[in-house]
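Report on one structure; see the data block that follows.
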There are 2 protein chains.
Amino acid sequence: MNKNTTTAQRGRPAKSGRNSSQTKQALVQSGVEYFTEFGFASSGLDKILKKVSVPKGSFYHYFASKEAFGIAVIQEYSRYFAKKLDLHLLNEAIEPLQRIENFADDAKAGMSRHHFKRGCLIGNLEQEVTLLPESHRQLLLDTFELWQSKIACCLQLAQRTNAINGSLDCNTLANFFWMGWEGAIAKSKLTRDLTPIETFMVSFLQLIVK
Amino acid sequence: MNKNTTTAQRGRPAKSGRNSSQTKQALVQSGVEYFTEFGFASSGLDKILKKVSVPKGSFYHYFASKEAFGIAVIQEYSRYFAKKLDLHLLNEAIEPLQRIENFADDAKAGMSRHHFKRGCLIGNLEQEVTLLPESHRQLLLDTFELWQSKIACCLQLAQRTNAINGSLDCNTLANFFWMGWEGAIAKSKLTRDLTPIETFMVSFLQLIVK
DNA sequence: TTATATATTAGACCGATCGTCTATTTAAAT
DNA sequence: ATTTAAATAGACGATCGGTCTAATATATAA
């Protein structure tokens, strides 16, 4: 399925020099960036294509529709973000609650790096859900569920080491965490600084620690 | 400034039979509904006008631009929502924390009534801020500040009656509240049910009570 | 009555997309 | 040489964006 880079390919060669799967990947990456900054409806294929120097005529060679493209974009971001979460939340060298803080610091750096224009793709599309195809909605729900389980896991660890109140339900708390998190990211886009995220994290941790 | 309904007016009469300020108000109301459901960028003037039977040609008689119209819409919603907040949060017949719950119940009813398609105009536009004129951004910030002060006030009351932990900073907590709230409303749009809001409220109250 | 001021509307402007599709080009495989 | 596959060119028609000028309809003033 994946053509490697050196093997010659049949058919007209890509202007960009990339092979099929590389081009597809580049398009998805460009889509992630545009959809994260401007949302699905307000992002035109033209610009997404131009950013990676893929001609407009090629789009429907790579994807069946904008909707199908959106699915690939969401899945890619979901994968990327889950990996980032694991990187921090499964780091056994660090105490559970500190792992969550490390993740937050990582995300904060990303917010600054993109000048508070991007935020979280999933959170952004969530707001836009009334304009989205139904297929996207389900993907967003699945993604949140996955993220929630990862945070819940980490909170359970913290609970076992007695770092947080034992009476709290970690799944509920993780759900609560992500709602607040997305709210904080959105607010941070509005204020154009990190204080909302910091306020959220400090308050959240303060409220749950024993 | 306000023409009353009975006095005859100069100029061509409005097709709708409304006077100038009534038409303006109707347009703003329609704008609230569209912007809340679809956002600013994805809401066309055409539909906003059609909904209240105002001809397209009339728009620039009532507003200088779409941006100016947006400002009026945000201000109207902000006013409307502040009033709703006061209605609950200043109700001295009710205990402070219960007032917040009453507000939440009110909002939940609104979410259901509109089939989870609308949510909060301010929160929706907040996500869209990269597509918004700068004038709108400041209005959104001001609105959040106002709302925050109202919740902070109510939390201070709860603190005085010893209902919540005295060591918590009510302003910070109010800030935290609204971030979580907006996240919960967004999630509720996604799931199309009230559980996110309920989960948020239960968790929030559980975490802050003594 | 006529002229003027004001309020509202008609309707098109035109550029900018929008997502999509068919025909064509290029190159490898047969 | 012919076939098959990959990628591109380029425009398609439709919609719709916000905006503007000219026309219309009424109240008031002369």
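The values are calculated or read from the model by the stated rules, or taken from the named source; none is laboratory data. All values derive from a computational prediction rather than experimental measurement. Cβ sites come from the backbone with ideal geometry, for glycine too, and all protein chains shown count toward neighbours. Just so you know, the surface numbers come from the protein's heavy atoms only, side chains and all, with ligands and any DNA or RNA stripped out. Shrake-Rupley method; radii C 1.70, N 1.55, O 1.52, S 1.80 Å.
For B:G123, indicate whether it is under 13 Å from the mean Cα position of the chain (by Cα), under 29 Å from B:I208 (Cβ atoms) and free of Cβ contacts under 8 Å to residues at least 12 places away in the same chain.
Against the criterion (under 13 Å from the mean Cα position of the chain (by Cα), under 29 Å from B:I208 (Cβ atoms) and free of Cβ contacts under 8 Å to residues at least 12 places away in the same chain), B:G123 does not qualify.
Which residue is farthest from DNA strand D (Cβ to nearest atom), if the candidates are limited to the range A:51-68 and must be within 22 Å of the chain's Cα centre (by Cα) and not in a helix (DSSP H, G or I)?
This residue is A:S65.
Just the residues that are over 15 Å from A:T191 (Cβ atoms) and either without any contact (Cβ under 8 Å) to a residue 24 or more places away in the chain or in a loop (DSSP other than H, G, I, E, B) (or both), please, taken from the range B:129-149.
Listed by number, the list holds a single entry, B:P133.
So is B:A152 more than 10 Å from chain A (Cβ to nearest Cβ), over 20 Å from B:F38 (Cα atoms), touching a residue at least 24 places away in the same chain (Cβ under 8 Å) and crowded, with 16+ Cβ neighbours inside 10 Å or not?
For B:A152, the condition - more than 10 Å from chain A (Cβ to nearest Cβ), over 20 Å from B:F38 (Cα atoms), touching a residue at least 24 places away in the same chain (Cβ under 8 Å) and crowded, with 16+ Cβ neighbours inside 10 Å - is not met.
I need a count of the residues in the range A:29-50 that are assigned to a helix (DSSP H, G or I) and within 14 Å of DNA strand D (Cβ to nearest atom).
Within the range A:29-50, residues that are assigned to a helix (DSSP H, G or I) and within 14 Å of DNA strand D (Cβ to nearest atom) number 7.
Please verify whether the range B:141-148 includes one or more residues that are open to solvent by less than 40 Å² (accessible area, probe 1.4 Å) and over 23 Å from B:K83 (Cβ atoms).
no
Check B:Q75 against each of (1) assigned to a helix (DSSP H, G or I); (2) open to solvent by less than 60 Å² (accessible area, probe 1.4 Å); (3) more than 8 Å from DNA strand D (Cβ to nearest atom) and name the one condition it does not meet.
Among (1) assigned to a helix (DSSP H, G or I); (2) open to solvent by less than 60 Å² (accessible area, probe 1.4 Å); (3) more than 8 Å from DNA strand D (Cβ to nearest atom), B:Q75 violates only (2).
For the range A:50-75, enumerate the residues that are within 12 Å of DNA strand C (Cβ to nearest atom) and touching a residue at least 60 places away in the same chain (Cβ under 8 Å).
A:E67, A:G70
Give the residues of the range B:41-67 that are within 19 Å of B:V129 (Cβ to Cβ) and either surrounded by 14 or more Cβ atoms within 10 Å (Cβ to Cβ) or acidic (D, E) (or both), sorted by residue number.
Residues satisfying the conditions are B:A41, B:S42, B:S43, B:K66, B:E67.
Output the number of the condition that B:C170 fails; it satisfies all remaining conditions of (1) at the interface with chain A (Cβ under 10 Å from one of its Cβ atoms); (2) touching a residue at least 12 places away in the same chain (Cβ under 8 Å).
(1)
Conditions tested, residue by residue: (1) touching an Asp or Glu at 6+ places or on another chain (Cβ under 6 Å); (2) at the interface with chain B (Cβ under 7 Å from one of its Cβ atoms); (3) part of a loop (DSSP other than H, G, I, E, B).
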position	(1), (2), (3)
A:F177	no, no, no
A:G183	yes, yes, no
A:S188	no, no, no
A:D193	no, no, yes
A:E198	no, no, no
A:L207	no, yes, no
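Filter the range A:157-210 down to the residues that are touching a Cys at 6+ places or on another chain (Cβ under 7 Å) and either surrounded by fewer than 23 Cβ atoms within 10 Å (Cβ to Cβ) or under 17 Å from A:R99 (Cα atoms) (or both) and list them by number.
A:Q159
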